[in-house]
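Structure first, then comments.
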Amino acid sequence: MPLEAYDDCWLRYDRADENRQASYRTCVNVYASVGAPELGAVREELRRGISGLLGREPHLWQHPPRSADGFLAVGTPEEMEVVSDAVSVDTVQSLGDGGFHIRSAEWEGADVVVVTAPTDRGLVYGTFHLLRRMSLGRSIDDLDIVEEPANAERIVDHWDNPYRRSVERGYAGQSLFDWERLPDLRERYFDYARLLASVGINGVVVNNVNTRIPARESANEFVSRNAGWRLLERDGLEKTAALASVFRRYGIRTYLSVNFAAPMLIGDLDTADPLDDAVEEWWARKAEGVYDAVPDFGGFLVKADSEGQPGPYDYDRSHAEGANVLARALEPHGGRVWWRAFVYSDHDDRAVQAYEAFEPIDGAFHENVTLQIKNGPIDFQPREPASTLFGAMPATNLSCELQITQEYTGQGVHCCCLVPQWKEILEFDTGDGTPLKEVIADSAGEGIVGVVGVGKDPNWTGHYLSQANLYGYGRLAWNPDLDTETITDEWARQTFDDDATETISGVLLDSWDAVVDYETGGLGLMHMMYNGSARLENHYDPSPHEWPGYHGATEEEIGVDRTTTGSGYAAQYPDPVAETYEDPETCPEELLLFFHSLPWEYELDETTVVQRLYDNCFDGVDAVRDLRARWHSLEGVIDEQRYRHVAERFDEQVVQSRRWRDTLVSFFYDHSGIPDEQGRVPRP
Ligand code: GCV
C-alpha cells in the first residue's frame, strides 16, 4: 500500500459479479515469462488485477501449470511453446511495436487464454487490455483479438518546473515528481506509469517546454522561474535516469524539454548558433552523456523562438536548421527531436504565423525530427479549426499536440470532457479527403502528444471527472476510431459503479458543448479569458474587453475576417476546405466568427448572429444546471467522497458559467445595441 493516499482512477479492479468470476477463473493461474523489466510489470499488474476482480491472488508460474481451470499465458511466441502453439506466429510477428494478440485456445487438454506480442511492450498493453475487458465485465471466452496502435508515438508532455515543483497550467497541485529528492523514487511514480501504460502511452516528457523564463522577483531582481534547462547537467540527468527506470518497466520512453541556448547556459560556449561547429560538437557530446545515463532515452522537445524562449532566429537561422543540429546529435543513439510549431509574435492575426514560418521549410527537417503542431492555430481554445499546417507539410513528420489539462476550459473546476473536441480535430478533412488522424499516423516518428497537468493532488487531475480526459487521450491516441461514447462509458464503468455508468458517461458527453456555449457564444469566437500580468495569468475568468483582436467586436460587426479580404488564414487550407471557410454561407456555423466579421444582424437559420450568441450563452448555463441535476441523481449510488467533490464543483461551475454568460451577453449588447428577443439581457 502506498504511504500517501491517492486515487486508483480507472485501475480500481472492483470485484466482478459472481457469474463473471466463474468465467474468469482461467486467469487464476498465470504462466508469465520473466526477464525483461516489462514482464515484472505484467506479473505485478496481473496480481493486482486478478486479486481485485476475483478476490483471490493468482498463482504465478514459470512453467505451464496443471490446472483443471486452465490458465492464462503471457509471453512472446519464441519464449513459450503454449503461445507458439496457440497463435499464428506470423500474425504476431507482423504486428508493429506495441501490437498484441489475445487468443483463447485449448492446449494439452486445458483451456488457455494467451496474451502475446512481438515485443515486451506489447505484452504490457495486451495485459492491460485483458484486465480492462474484465473490469468492464466483458466475456473472456473465445477471444481472438489483434490490436496495433494507430499512432507510433503516443506521448504525454509535462509542463512541470523542476526544482520549483510548480506545474505550468496544472490544476492538481505541485509536481508529481519530487525533483529535490530524485533519484529517490516514490511508489506513486510507478502508479503513474501504470495509468499511462494502461491506455497505451509510450513516451513522457518530464519537464516544461518553458525551460527558462526570467521572472521579476523584486524591483531589480530577476530569477529563472523554470529551471528545466538544468536537467541536462549531471545532477539533472541522474534524476531523469531514475524516472526513466520507472517508465521503462511499462514500455514508456523518457524525454526532456531542452533549452536551445543550452550550449551557453550549461556549456561555456558564447553562441548557440546551430551552424557553428562548436555548437554541433557540444550537442553531440551532450547526447552521448544523456544516453550514457538513459540508454533508451526518447529525445529532446524544443520550444524555440516563442514566448521568450531562445531559438535559431537569434542567429538568423531557420527552424529546420535549429532542429537539425539536435537531430544530428541524437541520430546515432536512435533519438528524436520534437520541434514545436507554436510560434507567434506581434502580428495582426496570430493564426497565420505558424504556417508562414513552417510551410516554406517542408522537407528541410531531418528524418528524426517531428514537428509538433497544436491542434488549432491559436492556443487550445474551447473550439478552434484544425491548424492549416496539417494539410501543408507532406514531406515532414508531423504530430498533433492536444491539451489534456484544461487551461482554457474551466481548469480544475469545470467539468469539460475534451474527447469530443479531439475527435472533431482528428476527423478533420485536411483537404484531399485525408483525415488529420491519418496524416499524423503516416509513418514511424509521427503521432500524438497531450499536455498533461497531473499533480500531487490525491485525485491526480484536480477534478475527478478530468481523469476521463487523461484516459480518453490515451485511448484515442491508441485508436482514434473509437467513438466518444465508448470511451466515456469505458472510463465511467471502470472508475465508478456499474449503476452510475450511464449517468456519468452522459454528463461527460454533454459537458464540452456547454463550456463552448457559455465561454464563446458557440459561433467560433475565442480567447475572451482574462490574461492579466505575467505573474497573474489565469485564462479562467471572462474578460472580453482585454483582447479585442480575438473577437473583433465593433458597433457594426463581430468576428475576425480571416478570408482573403482579411488576414488570409482561410486560404492557407487547400481547396475545397479553403472555399468552404471563405464563404459565410458554407462556413460551419460553429466556426463562423472565427473566419468572418459579420454584421450583428447577419441572418442565420431562423435567427441572427447576435441572437444566436445570446441564445447559446443562455443554453450553456442551462446545460450546466442540467449536468448538475444529473450528477445529483448519483447521491447514494456512488461513494460520498467523489459524489461531494464533483457536486461542489458543479455548484461552482453554475456560478462561473452565469458569470461568463452575463459578461458576454452584456458585452455583445454594449457593442451591438440590439436587445435580446427574450428580454434576458439587462439593459444598462
Ligand atoms: C508552456 C500557452 C500557455 C503557456 C504555454 C504555451 C505553450 O501560451 O498559456 O502557459 O507555455 O501555451 O504551449 O508553449
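Taken together, the values in this text are just the output of simple stated rules run on the coordinates, not laboratory data. These numbers were taken from a predicted model, which means no experiment stands behind them. As a convention, Cβ positions derive from the backbone with ideal geometry for all residues, glycine included, and neighbour counts pool all protein chains shown.
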Rounded to 5, the percent of DSSP beta bridges in the chain classed as antiparallel: 35 percent
Distant-in-sequence amide H partners of Val451 (H built 1.01 Å from N, under 5 Å): Asp157, Leu402, Gln403, Ile404, Thr405
Table column - 3J(HN,Hα) (Hz), region 446-454, Karplus curve with 6.51, -1.76, 1.60, x for Gly and Pro: 9, x, 9, 10, x, 7, 9, x, 4
Estimated FRET transfer efficiency when R0 is 35 angstrom, pair Leu482-Glu281 (beta carbons, to 0.05): 0.15
Difference of contour (0.36 nm per residue) and Cα-Cα distance, Glu367 to Asp442: 25.7 nm
Peptide ranges 17-29, 56-68, 620-632, 194-206 listed from the most packed, as the mean C-beta count within 10 angstrom indicates: 194-206, 620-632, 17-29, 56-68
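How high is the FRET efficiency from Leu136 to Asp184, r the C-beta distance, R0 35 Å, rounded to 0.05? Numbers along the way, then the final one.
Values: r = 37 Å, r/R0 = 1.04.
Efficiency at R0 = 35 Å is approximately 0.45.
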Region 153-494: C-alpha gyration tensor shape, a/c 1.5 cut-off, then a/b vs b/c: rounded
3J(HN,Hα) from dihedral phi, region 236-252, Karplus parametrisation 6.51/-1.76/1.60, rounded to Hz, x for glycine, proline: x, 5, 5, 5, 4, 4, 5, 4, 4, 5, 6, 5, 4, 4, 10, x, 9
Efficiency of FRET from Cβ geometry, Glu81 and Asp541, R₀ 56 Å, rounded to 0.05: 0.30
5 angstrom amide H check on Thr370, placed H, neighbours 5+ away: Val337, Trp338, Trp339
Around Thr409: net Lys/Arg minus Asp/Glu count, Cβ-Cβ under 13 Å: -4
Extension gain (nm, one decimal) between Asp296 and Glu359, 0.36 nm per residue minus Cα-Cα: 19.5 nm
DSSP bridge orientation in region 14-137 - percent antiparallel, rounded to nearest 5: 40 percent
Rel. contact order, % - alpha carbon contacts under 8 angstrom, at least six apart, region 286-378: 30 percent
Prolate/oblate/rounded call for the chain, Cα gyration tensor, a/c under 1.5 rounded: oblate
The chain - mean residue ellipticity at 222 nm from DSSP helices (-39,500 (n - 2.57) per run, n ≥ 4, rounded to 500): -11000 deg cm²/dmol
Shape category assigned to region 18-147 from the gyration tensor of Cα positions, a/c cut at 1.5: rounded
Options Gln494, Trp478, Leu402, ranked by Cα towards positive dipole end of region 153-494, top entry (Cβ charges): Gln494
Taking region 18-147 and dividing mean pair separation by its residue count, relative contact order in percent (alpha carbons under 8 Å, at least six apart): 27 percent
Contour minus Cα-Cα distance for Ala629 and Glu44 (0.36 nm per residue): 206.6 nm
Surrounding net charge for Pro183, when Lys and Arg each add one and Asp and Glu each subtract one, Cβ distance under 10 Å: -1
Spacing of the two label points (7 Å from each Cα toward its C-beta) at Glu601 and Arg234, in nm: 7.6 nm
